[in-house]
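The values are calculated or read from the model by the stated rules, or taken from the named source; none is laboratory data. Nothing here was measured: the structure is a model prediction, and the numbers come from that model. Glycine gets a Cβ as well: all are built from the backbone with ideal geometry, and neighbour counts include every protein chain shown. Protein only, heavy atoms only, side chains kept; ligands, DNA and RNA dropped before computing areas. Shrake-Rupley method; radii C 1.70, N 1.55, O 1.52, S 1.80 Å.
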Amino acid sequence: MPTDSGENELANLLGRRADRVAVEHLLAQAQAGRSGALVVRGEAGIGKTAILEHARDTASPSGFRVEHSVGAESENQFAFAGLHQLCAPLLDHADALPEPQQAALGVAFGLRAGAAPDRFLVGLATLNLLAEIAEEQPLLCLVDDAQWLDEASAQILAFVARRVAAERIALLFALRDVGDSAVTTFAELPELRLDGLNDTDAGALLASAVHAPLDAGVRDRIIAEARGNPLALLELPRSTRPTQLAGGFELPDTLSVPHRVEDAFRRRSGSLPPDTQLLLLVAATEPTGDVALLWRAAAELGIALEAVEAAEAVGLLEIDIRVRFCHPLARSAVYRAATPPDHRRAHGALAAAIDPQTDPDRRAWHRAQSILGTDEDAAAELEQSADRARARGGLAAAAAFLQHAATLTPDHATRARRALEAARAKHEAGASESALELLTTAPLGPLAPLQRAHLDLLRAQIVFHLNRGTEVPDMLMDAAKAFAPLDAALSRETYLHALDAAIINGGGDAVRIAEAALAAPAPEVPPRPVDLLLDGLATTLTRGHPAGAPRLQLALAAFRDCPQAESVQSSQSDRWLWLAGRNAVTVLDDELLYVLASRNVQLAREAGALATLPAALNFLSITLVLMGDLAHADELAAEATVITQATGGVPLRHGRVILNAWRGDQAETTALNAIIASDGTYPDEGVEVSLARYAMAVLHNGLGNYSVAQEAAARACRSDEQSISSAGLPELIEASVRAGEPERAALALEQLSSRADAYGTSWALGLAARSRALASTGPDAEKNYREAIERLEKSRMASDTARAHLVYGEWLRREGRRQDARKRLRTAHQLLSEMGVEAFAERAARELRATGEHPRKRTTQPAHALTTHELHIARLVATGATSREIGAQLFLSPRTIEAHLRSIFRKLGITSRRQLKELPLR
């Protein structure tokens with residue numbers, strides 16, 4: 001039979017593997033202040049835990065603090081359980097964190113009351129907590145069985161692993177091959193895949209583990225069937241009689257290696273006395289390893305403490321300060337081998353043994369698992385657990401509790417309500433496909449009208465999220481009609497959802513939906529900003545901009561003036577702030593656009609809402625491009641990309657494609673446009689594709705490819721999204737005039753002039769005047785050029801102002817007024833060059849050369865040596881912000897900010913923050 005020499009030989013073999021080199025390199029890098037993470041992947045039993053143990057044994061003598069967390073399949077419904085395991089010993093340092101981060105951790109771990117935190121704010125708090133520890137000594141975080149972590153913990157730890165940089169932190173994850181979800185969560189982290197031992201090492205390990213006579217043919221068969229899996233080589237012989245080892249040993253061909261190992265554990269546990277088997281089942285059912293809880297549960301079942309001795313004797317279980325199985329596969333083997341009645345007995349004993357005051361959620365979960373049939377009391381306890389999980393930000397956990405509560409609920413109406421809530425929580429947690437499946441398969445029974453309307457709304461929202469289905473606007477409109485006599489406010493918001501979905505999808509449905517929205521229930525008095533926005537949009541789409549302008553402008557002003565986070569109404573308004581911002585472009589109100597776009601970013605930052613912050617940053621980036629601040633726009637777009645990568649979000653390309661278009665970067669803009677156009681997620685006439693077409697129009701107007709620009713602008717202006725047509729009409733007019741199609745330009749100019757007259761802003765009137773000038777000749781043209789410059793200079797839109805100087809200068813040169821042309825073209829070239837609007841700047845340079853003047857070369861600024869990320873940090877430092885404040889804004893640790901700052905100082909040849917404030921950072 002095998003002895004401890006097998007485990008010793010395994011340690012020696014793993015010690016000789018190249019795998020240890022990667023781990024030791026990770027530790028050396030962390031000790032030198034270059035944080036990193038590594039995911040060790042492979043099948044069960046391949047040696048992942050041994051690699052983690054090697055890391056621990058290497059790190060501890062080197063001065064590392066080592067903290068652990070272990071995922072457990074039966075624990076993954078408890079939000080933040082895995083993260084709490086890791087962080088609990090570190091919480092005495094939490095008072096060093098900013099208050100919002102302290103609150104986020106406290107609420108997530110159930111240590112204090114408060115609003116549910118954004119999970120990535122919890123991630124930032126975790127990052128900074130680990131960084132605080134690492135200031136004192138290097139920190140190694142070991143996470144075994146990461147595939148079983150609860151969703152919130154997995155996402156946060158993956159986020160932290162992507163954000164560590166200059167801290168003395170190493171994170172090492174062991175991940176079993178069990179499915180795609182864990183792989184996706186930890187995707188893009190450095191990975192070490194463990195393969196099996198070679199035949200020579202496998203033979204050595206087998207020989208050390210089996211001291212009975214071993215037939216050569218049997219040995220070769222074991223090695224071949226084990227496929228180099230160390231645990232298989234150690235464990236399979238333990239469940240085999242010595243006579244079989246001497247000849248005729250067979251392994252079942254139908255099972256994978258991990259299943260064979262698990263089957264060996266099952267046979268070993270199955271040979272034990274009944275009380276020992278039941279005690280093992282209780283231990284397997286409650287993976288916290290709480291010894292006192294195990295003994296209390298055993299007492300509930302009438303099992304004597306001595307029953308554990310048989311399990312310890314065969315090496316399945318070890319009890320000291322914790323209850324430990326010899327391997328996670330042993331735990332799962334014990335649990336899966338038990339009958340359903342025994343499962344219920346074990347769960348029931350644990351529920352009876354857990355104090356409902358100190359751990360109500362765990363008690364509720366075990367109690368629910370112990371019930372056959374329905375039980376309203378148990379279901380109600382689960383619903384309360386779901387409420388607590390949601391309050392901590394654990395949406396996935398809340399969904400699991402609610403879904404189980406629904407199956408236990410005897411009353412049809414209550415069951416339907418809980419199933420709907422479970423599906424909603426799943427959708428909000430990002431598991432939209434699972435939510436849709438639940439809505440389809442759950443036994444909802446007869447629904448009350450209000451429940452049916454909520455069901456229809458949720459189904460439509462999920463379908464839109466998953467595939468932008470063209471049927472969604474009508475689904476939402478049906479739900480809005482159903483809500484009308486039941487909840488007028490929700491009916492109006494659902495109509496707005498339907499209208500926005502139709503606009504985003506394109507295809508001409510928006511006007512039809514808008515006509516239906518005009519029949520929505522009357523708003524409450526006074527109307528909410530969202531009510532005004534619905535009326536303004538619906539009126540504009542059905543009756544035109546002159547009719548809709550007063551209502552739309554009133555709505556946007558209401559969003560601007562709504563107090564932040566002081567009432568339910570302001571919270572509802574914040575949800576629609578992004579749509580209000582888009583419509584500030586529709587009305588060409590530069591001041592409203594900047595205020596609303598900036599507020600959207602501010603609110604997302606303050607809430608730590610990394611799920612929504614990238615979209616807000618992208619929109620503000622586009623706003624800054626139009627304002628001529630391309631450097632700052634680039635910083636925000638880069639920040640959005642970094643956050644999206646760190647959180648595993650969907651890439652947002654529209655901000656980057658518009659920025660590159662205004663820069664005149666033909667290769668990058670064309671490539672991004674092609675990616676967007678080929679993405680089947682985006683409808684051909686939808687918002688994303690139309691934004692890319694607008695970008696192509698800007699690019700080719702800058703390059704002088706007017707026929708290409710004209711076609712792109714014309715297609716962009718067909719979008720149901722009014723903001724795109726408002727921005728695209730000036731591009732269409734310029735391209736059409738230069739392409740020699742005045743009739744097409746005249747039609748577009750009529751539309752733009754109608755909007756400008758209706759909205760009356762400096763930006764709108766300036767664009768209309770510039771466009772009239774392009775389409776005019778003689779004195780009228782000059783009058784309009786001058787009016788355009790005068791009006792645009794009163795707006796924030798410096799890019800359009802510079803382009804007005806450019807086209808005026810081009811007109812003057814063609815009129816033969818070279819001196820006047822030089823003045824305008826010189827101004828245009830200087831403004832456009834400073835902004836980084838390179839294609840239009842080169843257009844101005846060509847025109848200047850045609851007048852006989854050589855344009856000045858752009859002076860190199862010190863900031864040009866910095867990366868986009870470094871420039872962003874440098875600008876924030878120049879405002880007087882501390883490293884901690886900057887880290888909180890950029891979701892980095894203060895130490896990482898300091899590392900970037902050292903690089904910035906070196907590149908700029910300075911040594912202090914004071915000197916940085918004195919430099920021009922453009």
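Each residue of the range 667-732 gets 67 Å³ once the volume of the Cα convex hull is shared out per residue. Distant-in-sequence amide contacts of Asp290, defined by a placed amide H-H separation under 5 Å and a gap of 5 or more residues or a different chain, comprise Val323. Close amide-amide hydrogen proximity is noted between Glu191 and Val39, each under 5 Å apart and 5 or more residues distant or on a separate chain (H modeled in the peptide plane; Pro and chain starts excluded).
Summarising the overall dimensions of the range 71-219 from its C-alpha atoms, the Rg and Dmax are 19.9, 67 angstrom.
In a solvent-free Debye calculation with one equal scatterer on each Cα, what is log10 I(q)/I(0) for the range 820-895 at q = 0.14, 0.16, 0.19, 0.20 Å⁻¹, listed in the order of the q values? The calculated log intensity ratios at q = 0.14, 0.16, 0.19, 0.20 Å⁻¹ are -0.60, -0.67, -0.77, -0.81. If the chain linking Leu450 and Arg193 were pulled fully straight, counting 0.36 nm for each residue of separation and taking away their Cα-Cα distance, it would gain 87.3 nm. Of the whole protein surface, Cys717 contributes about 30 Å² of accessible area at a 1.4 Å probe radius.
Using the 1.4 Å probe convention, the accessible area of the chain works out to 40 Å² per residue with neighbouring protein chains retained. Sequence-ordered 3J(HN,Hα) estimates for the range 305-322 from the Karplus curve with 6.51, -1.76 and 1.60 and θ = phi - 60° stand at 4, 5, 4, 6, 4, 5, 5, 5, 5, 8, x, 7, 9, 9, 10, 10, 7, 10 Hz, glycine and proline given as x.
The spacing between the range 69-111 and the range 306-360, judged by their C-alpha centroids, is 25 Å. Taking 0.36 nm per residue of separation and subtracting the Cα-Cα distance, full extension of the segment from Thr868 to Glu136 would add 260.4 nm. By the rule of a C-alpha distance below 19 Å, with chain neighbours fewer than 8 residues away ignored, the lysines paired with Lys907 are Lys917. The amide H of Ala174, built 1.01 Å from its N in the peptide plane, has Val40, Val143, Asp144, Asp145, Ala146 as neighbours under 5 Å, considering only residues 5 or more places off or on other chains. Per residue, the chain reaches -21000 deg cm²/dmol at 222 nm when only DSSP H runs of four or more residues are counted, each adding -39500 (n - 2.57). Taking 0.36 nm per residue of sequence separation and removing the Cα-Cα distance, the Glu471/Glu918 pair yields an extension gain of 155.2 nm. What is the range 267-309 by shape, rounded, prolate or oblate, if you read a ≥ b ≥ c off the alpha carbon gyration tensor as root eigenvalues and call it rounded for a/c under 1.5, prolate for a/b larger than b/c, and oblate otherwise? Judged from the Cα gyration tensor, the range 267-309 comes out oblate (a/c at least 1.5, b/c at or above a/b). Going by a ≥ b ≥ c, the root eigenvalues of the Cα gyration tensor, does the range 544-643 fall in the rounded group (a/c under 1.5), the prolate group (a/b larger than b/c) or the oblate group? Note, shape of the range 544-643 comes out oblate. Bridging of Lys794 to lysines at a Cα separation below 18 Å is possible for Lys783, once same-chain residues fewer than 8 apart are set aside.
Each listed q (0.21, 0.27 Å⁻¹) maps to a log10 I(q)/I(0) for the range 383-448, found by the Debye formula over equal Cα scatterers with no solvent: -0.74, -1.12. Among the GluC sites (Glu not before Pro) in the range 726-771, none is located in a DSSP loop while being surrounded by at most 13 other Cβ atoms within 10 Å of its own Cβ. Against the longest principal axis of the chain, how steep is helix 48-59, in degrees 0 to 90 to the nearest 10, with axes from Cα atoms? Compared with the principal axis, the helix lies near 80 degrees. Across His366, His632, the residue with the most accessible area heads the list, and the full order at a 1.4 Å probe is His632, His366. Using only side-chain charges placed at the Cβ, +1 for Lys and Arg and -1 for Asp and Glu, the dipole size of the range 23-145 relative to its Cα centre rounds to 200 debye.
Remark: the range 471-482, residue by residue, has Karplus-estimated 3J(HN,Hα) of 7, 5, x, 5, 4, 5, 5, 5, 5, 4, 5, 5 Hz, where x stands for each Gly or Pro and the curve is 6.51 cos²θ - 1.76 cosθ + 1.60 at θ = phi - 60°. Each residue of the range 746-760 was assigned a 3J(HN,Hα) from its phi angle through the Karplus curve 6.51 cos²θ - 1.76 cosθ + 1.60 (θ = phi - 60°); the sequence is 5, 5, 5, 5, 4, 5, 5, 5, 4, 5, 4, 5, 6, 9, x Hz, with glycine and proline shown as x.
I'd like the carbon and sulfur percentage of the solvent accessible area for the chain, probe radius 1.4 Å, heavy atoms only, ligands and nucleic acids excluded. C and S fraction of accessible area: 51 percent. Rolled with a 1.4 Å probe across the full set of protein chains, the surface gives Thr647 an accessible area near 30 Å². Cα centroids of the range 785-813 and the range 687-752: 18 Å apart.
Of interest is the spacing of the C-alpha centroids, which for the range 591-626 and the range 886-922 amounts to 23 Å.
The alpha carbons of the chain give a radius of gyration and a Dmax of 32.8, 109 Å, in that order.
Once C-alpha pairs closer than 8 Å and six or more residues apart are averaged by separation and normalised to the residue number of the chain, the relative contact order reads 8 percent. Assign one of three labels to the range 592-677, namely rounded, prolate or oblate, based on the Cα gyration tensor with a ≥ b ≥ c the square roots of its eigenvalues; rounded applies when a/c is under 1.5, prolate when it is not and a/b is larger than b/c, and oblate otherwise. It is oblate, given that a/c is not under 1.5 and a/b is not larger than b/c. Translational diffusion of the range 764-917, estimated by Stokes-Einstein from the Kirkwood radius over alpha carbon pairs at 25 °C in a medium of 0.890 mPa s, is 137 µm² per second. Using all pairs of distinct alpha-carbon atoms, the Kirkwood hydrodynamic radius of the range 408-504 works out to 13.6 angstrom. Where both bridge residues fall in the chain, DSSP classifies roughly 15% of the beta bridges as antiparallel. For the set Trp576, Trp148, the ranking by accessible area, highest first and with no ligand, DNA or RNA atoms included, is Trp148, Trp576 under a 1.4 Å probe. Annotation: Ile789 carries an accessible surface of approximately 10 Å², with a 1.4 Å probe and no ligand, DNA or RNA atoms counted. Two numbers describe the Cα atoms of the range 318-405: Rg and Dmax, which are 14.5, 39 Å.
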